[in-house]
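What follows is a short report on a single structure.
What follows is calculated from the coordinates using simple rules that are stated; it is not laboratory data. Bear in mind the structure is a predicted one, so any value in this text is a computation, not a measurement. Note: ideal-geometry Cβ built from the backbone for every residue, glycine included; neighbour counts use all protein chains shown.
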Amino acid sequence: MATYGLKIFAGNSNPDLALQICESLEIPLGRALVTTFSDGEIRVEIGENVRGADVFVVQSGAPPVNDHLMELLVMIDALKRASARRITAVMPYYSYSRQDRKNKPRVPITARLVADLITRVGTHRILTLDLHAGQIQGFFDIPVDNLYASPILLPYIKEHFNGNLVIVSPDAGGVPRARAYASQLKAGLALIDKRRSDVNQAEALNIIGEVAGKTAVVLDDMVDTAGTLVEATKSLLEKGAQEVHACVTHPILSGPAVGRIENSPLKSLVVTDTVPLSPQAAHCEKIICVPACRLFSTAIRNIHNEDSISTLFEILH
C-alpha cells in the first residue's frame, strides 16, 4: 500500500468526469483555481497542500484543445513546484493523437510533440483510454497506461444488441480492436475499405465481410465530423445490413457531426464521456453516453496502491 496521500485535481475540460471519479474513490476533488488573465494567459493556483502527495490531474483533450492542453501543462508545473511526490496526467482523450506519423512531406508528428511537452514539464506517468495508435506509448519516456474501453462498451453491446451481430472496423487500423470484440461477442467481422480524400473527409469504397441480414455495429476510437461514420452506415445498408449502430470511445463531434448523425440512417451512437457532449449532442436521441468513471477510478486506485491494473485488460484476451 502507498503511504502518501491520494489527491485528484481537474482542469476545465471535463470536470464532471473528475467529480464522478472522486465520488467512486470516496475522496474530495482537489481545490484549484484554473482560469485566465484578461489577455487569455492561463492562471492556476493550487488551493491546498500537496507536498509528498500522489497527485492525479484529470484533463481531456476536449475543445478548445489548445487551451486545455496548456491548462494541463501549467497545472502540472504548479504541482511540481508545490512538491507533489508523483504526478500522473489522466488524459481520457489524448489530444493530437491523429498526428502520429509523417504521412506526407513537411508535416509534423504532433502527437510526439505533445508527449515531449507533458514529459518535460515534470509528469511521472500517463493514464489514458483507447489511444488512436497504440504506438504513441513509445513517444513517452515515462510509464503509459493505455486503458481499453471494452469494459464499458462490451457489456452495453451484449445487453442491447442481441441477435445476429457483425462487428465492423471502419478502417484497417481498427481491425485488431474489432476482432477482439467480435471474439468476445461470438459475432462476425467486417472491414470497410475507405480512401481519405482530405482531412475529415473519407469515402467508403467497399465492404469486406458478410453483413447481409445482420445487425452491424461499427467500432471506432473516435468520431469527429461523423462523415466517415455516415458513409459507412450507408454502405453497410446498401450491402444488406438489417440496421447499423456505432460504438465509439471519444465523441469529439465537431462541426456538422450531430446534424449528420440525426439525419442519417444510423440507429444509435454509443459513446463514453471522455469528451463532454455539447448541448446539441446531449439532446440528440440517437447519441447514448455511458460513463467511464469506474474504469478510471479503478485504475487510479490500483496505481496509487502500487497494484497491477492488468485485470482491466483481461476482457480482450
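Structure above, values below:
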item: Ranking of E243, E231 by count of other Cβ atoms within 10 Å, fewest first; result: E243, E231
item: Residues T298, T228 arranged by fewest to most Cβ contacts within 10 Å; result: T298, T228
item: Estimated inter-spin distance, K267 and F313, nm [label 7 Å along Cα→Cβ]; result: 3.3 nm
item: The range 169-302: C-alpha pair distances exceeding 22 Å, %; result: 37 percent
item: Label-point separation, K186 to R101 (7 Å along Cα→Cβ), nm; result: 3.6 nm
item: Cα-based reach from K102 at 27 Å (exclusive), listing lysines while leaving out same-chain residues under 8 positions away; result: K194
item: Listed residue pairs exceeding 30 Å between alpha carbons, taken from K158/K234; K7/K267; K239/K286; K186/K267; K104/K267; result: K7/K267; K104/K267
item: Shape category assigned to the range 90-215 from the gyration tensor of Cα positions, a/c cut at 1.5; result: oblate
item: Rounded to 5, the percent of DSSP beta bridges in the chain classed as antiparallel; result: 20 percent
item: Computed FRET value (nearest 0.05) for R51 with N146, which takes r as the C-beta separation and R₀ as 22 Å; result: 0.15
item: Inter-label distance for A212 and K80, nm, one decimal - labels placed 7 Å from Cα along Cα-to-Cβ; result: 6.0 nm
item: Percent of Cα-Cα distances greater than 23 Å, calculated over the range 15-170; result: 46 percent
item: For Y148, Y94, Y181, order by how many other beta-carbon atoms lie within 10 Å, fewest first; result: Y148, Y181, Y94
